[in-house]
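All remarks here apply to the structure that follows.
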Amino acid sequence: MKSFADYNPIAVFIYFIAATSVPMFCMNPVIIALSLCGSVALFSLRQKNFNLRDYLPFLLLFTVMALVNPIFYHNGVTVLFVAGDNPVTLEAVLYGIAASAMIITVLFWFRSFSQIMTSDKLLYLFGSASPKLALLLSMALRYIPLFGEQAKKVSDAGRALGLYKEDNIIDDIRGGTRVFSVMVGWALENGITTADSMAARGYGLGRRSFFAIYKFRRTDMALVTVSLALFAVTAAGIASNALRFGFYPEITAAPLTPPGLFAYAAYGVLALIPAIITAEEGIKWKYLRSKI
């Protein structure tokens with residue numbers, strides 16, 4: 001029983017590159033929808049408890065970005081209505097929805113990526129090729145949750161002292177400014193302490209060896225092979241214009257052909273690979289627990 005996060009970091013990294021690069025460079029609504037389903041499924045399956053708050057920021061961001069495009073851009077030949085002498089076109093609305101969905105999809109992918117690819121995996125991945133880049137990435141990913149935790153502690157301490165106990169916007173702004181000021185000082189001090197600690201341990205004096213617990217097994221090779229093969233089929237469909245889709249000046253789409261159908265199917269499988277592996281691991285775990 002092996003979860004998707006237990007695969008070798010090299011295989012996982014190659015998969016995420018293959019899965020996220022397609023929707024970023026192909027504005028086909030079907031591809032974006034498949035990628036969105038795969039990213040949301042992986043994100044949801046990795047959550048221990050369903051919480052609607054985890055999805056609200058994505059939903060609000062999607063709504064805002066989808067509304068901005070038809071408000072400020074009026075390209076297109078199909079006018080839905082006119083608001084204040086500004087035409088709102090069908091093409092602008094659909095392009096705003098597609099572009100917003102693409103951005104939300106990539107955010108979901110990278111949210112799962114940040115959860116799976118921990119700092120030790122990034123060190124293993126980039127340690128031999130570029131130790132400085134590996135250290136920079138691992139420290140950045142580590143300091144982001146630390147910054148949030150410390151900010152919550154500072155905010156709770158301020159509320160306990162009664163510094164901003166009034167429930168109004170002005171007081172919230174003052175409290176947030178005070179917390180941000182404290183956090184800037186904390187981040188600078190912590191950075192200096194980290195730099196001194198690294199210098200004391202001799203970092204940067206020469207080439208350093210590192211130990212890794214990750215091994216590249218046959219299952220990892222299978223994941224890499226399948227990911228690259230499915231990505232190649234999808235890329236071939238994009239290169240042959242079988243997935244061509246245009247929004248301006250009017251909606252145009254390439255006719256559905258066998259290469260396009262194969263490309264859709266290939267990327268659909270590619271997008272759902274981690275969700276399938278995660279769901280299978282969860283089903284096996286529940287089955288084994290039921291046998292106890």
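The values are calculated or read from the model by the stated rules, or taken from the named source; none is laboratory data. Small disclaimer: the values here were computed from a predicted structure and weren't measured. FYI the Cβ positions are ideal-geometry reconstructions off the backbone, even for glycines, and counts take in every protein chain you see.
Every residue, every condition in (1) in the same structural domain as Tyr143 (by TED's automatic domain parsing); (2) farther than 17 Å from Met139 by Cα; (3) modelled with pLDDT under 80, yes or no:
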| residue | (1), (2), (3) |
| --- | --- |
| Arg159 | yes, yes, yes |
| Gly162 | yes, yes, yes |
| Glu166 | yes, yes, yes |
| Ile169 | yes, yes, yes |
| Ile173 | yes, yes, yes |
| Ser181 | yes, yes, no |
| Trp186 | yes, no, no |
| Gly191 | yes, no, yes |
| Thr194 | yes, no, yes |
Where a residue in region 172-187 is under 11 Å from Gly158 (Cβ atoms) and its partner, wherever it lies, is assigned to a helix (DSSP H, G or I) and of a type outside the set (Lys, Arg), with Cβ under 6 Å and at least six apart
Val179/Ala151; Val179/Val154; Val179/Ser155; Val182/Val154
So the check is Cβ under 6 Å with 6+ separation or different chains; which pairs have a first residue in region 274-292 that's assigned by TED's automatic domain parsing to the domain that holds Ser39 and a second one that's aromatic (Phe, Trp, Tyr) and in a helix (DSSP H, G or I)?
Pro274/Phe4; Ile277/Phe4; Thr278/Phe4
Report those helices (runs of 4 or more DSSP H) wholly inside region 50-128 carrying at least 3 residues which are at pLDDT 85 or above.
56-72, 90-116
With respect to Leu67, determine if the residue is surrounded by fewer than 16 Cβ atoms within 10 Å (Cβ to Cβ) and either over 28 Å from Tyr267 (Cβ atoms) or touching a residue at least 12 places away in the same chain (Cβ under 8 Å) (or both).
yes
Close pairs from region 215-243: first under 19 Å from Ala271 (Cα atoms), partner of a type in the set (Lys, Arg) and modelled with pLDDT under 90, Cβ under 7 Å, at least 6 apart
Thr219/Lys2
Residues (polar (S, T, N, Q), more than 30 Å from Ile14 (Cα to Cα) and in contact (Cβ under 8 Å) with a residue 40 or more places away in the chain) located in region 74-131
Asn75, Thr78
Within region 131-138, does at least one residue satisfy the condition of being at pLDDT 75 or above, of a type in the set (A, V, I, L, M) and in a helix (DSSP H, G or I)?
no
Residues in region 255-265: is at least one farther than 30 Å from Asn75 by Cβ, touching a Cys at 6+ places or on another chain (Cβ under 9 Å) and either assigned to a helix (DSSP H, G or I) or not aliphatic (A, V, I, L, M) (or both)?
no
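Going by the structure shown, is Thr278 crowded, with 16+ Cβ neighbours inside 10 Å, part of a helix (DSSP H, G or I) and among the hydroxyl-bearing types (Ser, Thr, Tyr)?
Judged against the criteria, Thr278 is a match.
Out of the residues in region 215-262 meeting the condition of being of a type in the set (Val, Ile, Thr) and under 27 Å from the mean Cα position of the chain (by Cα), tell me which one is surrounded by the fewest Cβ atoms within 10 Å (Cβ to Cβ). Lay out the reasoning, then the answer.
Pass one, region 215-262, residues of a type in the set (Val, Ile, Thr): 219, 224-226, 233-234, 238, 251-252, 257.
Cutting the leftovers down to under 27 Å from the mean Cα position of the chain (by Cα) gives us 219, 224-226, 233-234, 238.
Details: Thr219: 14, Val224: 20, Thr225: 12, Val226: 16, Val233: 18, Thr234: 28, Ile238: 18.
Within region 215-262, the match that is surrounded by the fewest Cβ atoms within 10 Å (Cβ to Cβ) is Thr225.
Residue by residue, here is whether (1) of a type in the set (D, E, K, R); (2) touching a residue at least 12 places away in the same chain (Cβ under 8 Å); (3) surrounded by 14 or more Cβ atoms within 10 Å (Cβ to Cβ) holds:
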{"site": "Phe4", "(1), (2), (3)": "no, yes, yes"}
{"site": "Ile14", "(1), (2), (3)": "no, yes, yes"}
{"site": "Pro23", "(1), (2), (3)": "no, yes, yes"}
{"site": "Asn28", "(1), (2), (3)": "no, yes, yes"}
{"site": "Leu34", "(1), (2), (3)": "no, yes, yes"}
{"site": "Ser39", "(1), (2), (3)": "no, yes, yes"}
{"site": "Asn49", "(1), (2), (3)": "no, no, no"}
{"site": "Tyr55", "(1), (2), (3)": "no, no, yes"}
{"site": "Leu59", "(1), (2), (3)": "no, no, no"}
